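Engineer: The structure's right below; bear with me while I get my questions together.
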Amino acid sequence: MGERGGPPESFLEEALPELDAVYRLALRFSAGDSDMAQDIAQETFVRALRSWSTFRQGTNCRAWLFTICRNVFLRDREVRTRRGEQSISRMEAEFDTLPADPLFAGSADDPERSAFARITGEAVTAAVDRLPVEFREAVTLCDLEDLSYAEAAEVIDCPVGTVRSRLHRGRKLLQESLRAERRNP
Amino acid sequence: MNEMSGPGELDCHAVGERLWDFVDGELPAREMAAVDAHLEDCERCFPVYRFRQAFLEFLRCQEKSEIPVGLRRAIFDRILEEHRDMEAEAEGASLWERLRKAALRRIE
């Protein structure tokens with residue numbers, strides 16, 4: 001471990017700068033609940049410090065922290081569900097029954113820029129937060145935090161193919177949600 | 001590939017299935033080239049590709065959420081507290097080990 005009087009220098013230099021990214025991820029995991037996200041972010045860094053000796057220097061620290069953050073979120077969600085504090089969102093309950101759109105339905109009609117012109121940042125965030133959690137985490141990791149399929153697969157601990165299908169489905173749901181937002185702001 | 005309509009060519013259905021992967025740059029090089037070649041000539045698929053590309057650019061340019069005031073300090077304080085606990089545990093473990101060895105020596 002590091003010198004007496006403080007955490008390891010390497011932890012301060014490599015892990016702490018990722019604080020904003022970890023908080024953002026926690027915020028999306030908790031569907032915009034800032035209090036929950038702050039708790040998750042704090043617990044993530046505590047656990048990261050405890051297991052810092054297992055982190056291989058030179059590898060992707062952000063992805064490593066994201067993995068810890070996800071595990072903290074899942075454990076917290078399990079506890080809350082057992083306590084009856086959390087219910088599955090309506091969209092999560094219905095997602096299996098959502099019809100798959102024809103591949104090119106609707107998108108070819110919209111000129112690229114005007115398709116998004118009236119959509120606010122808050123609307124995008126809210127739409128992401130409404131996604132079922134499996135799709136939300138794929139969209140957040142790949143589209144908002146710029147991880148590759150392989151990096152996201154490591155964080156989520158699933159095959160790359162699973163990340164791909166969740167990401168594509170999540171994007172489709174997001175597009176539908178934002179298209180509805182554009183028509184009815 | 002079954003969906004080839006000619007050497008190195010893909011049809012619209014095959015391109016549609018690969019389009020997100022193409023936008024993400026996650027296809028093998030040969031398939032990237034095949035999709036690229038199809039998009040150059042296809043008036044149906046190219047607008048879909050441009051829309052999806054614009055959609056991802058739109059998502060990625062969204063302003064990142066601001067970290068709440070005080071959270072940075074709170075996390076740093078918690079890290080310092082955790083580090084002190086870990087050092088105390090290490091010292092405690094070290095003391096316990098010394099007491100255990102002393103007890104064993106007395107027994108021997």
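The values are calculated or read from the model by the stated rules, or taken from the named source; none is laboratory data. Since this is a predicted model, take the numbers as computed values, not measurements. Note: ideal-geometry Cβ built from the backbone for every residue, glycine included; neighbour counts use all protein chains shown. For the accessible areas, the whole protein counts, side chains as well, though only heavy atoms, and no ligand, DNA or RNA atoms are used. Shrake-Rupley method; radii C 1.70, N 1.55, O 1.52, S 1.80 Å.
Engineer: Other chains' Cβ within 10 Å of B:83-96 residues: what's the mean?
Structural biologist: Other-chain Cβ atoms within 10 Å of each residue's Cβ, averaged: 2.
Engineer: How much length is gained on full extension from residue B:32 to residue B:90, taking 0.36 nm per residue of separation minus their Cα-Cα distance?
Structural biologist: 15.5 nm
Engineer: While we're on this one: Please check the stretch B:20-34 for residues whose accessible area, probe 1.4 Å, is lower by 50 Å² or more when all protein chains are in place than in their chain alone.
Structural biologist: B:20, B:21, B:26
Engineer: Computed FRET efficiency, Cβ-Cβ of residue B:100 and residue A:122, R0 51 Å: what is it to the nearest 0.05?
Structural biologist: In this case the efficiency is close to 0.30.
Engineer: First compute the accessible area of chain B with a 1.4 Å probe, then give the percent of it belonging to carbon and sulfur atoms.
Structural biologist: Roughly 52 percent of what the probe reaches on chain B is carbon or sulfur.
Engineer: OK, next. Of all trypsin sites (Lys or Arg not before Pro) in the stretch B:28-108, which ones are in loop regions per DSSP and have a Cβ with at most 15 other Cβ atoms within 10 Å?
Structural biologist: Filter output for the stretch B:28-108: B:44, B:64.
Engineer: Also, quick follow-up: Among B:63, B:89, B:31, which one shows the biggest mean-square fluctuation in a GNM of chain B, springs joining Cα atoms closer than 10 Å?
Structural biologist: Checking each option, the largest mean-square fluctuation is seen for B:89.
Engineer: Further, regarding this structure: For the B and A pair, go ahead and give the buried accessible area with a 1.4 Å probe, both sides summed, in Å² to 100.
Structural biologist: When B and A are taken together, about 4300 Å² of accessible area is lost.
Engineer: Now, a different point. Do any cysteines of chain B lack a neighbour Cys whose Cβ is under 4.7 Å away, and which are they?
Structural biologist: B:12, B:61
Engineer: Now for a separate question. Apply the a/c threshold of 1.5 to the C-alpha gyration tensor of chain B and tell me whether it is rounded, prolate or oblate.
Structural biologist: oblate
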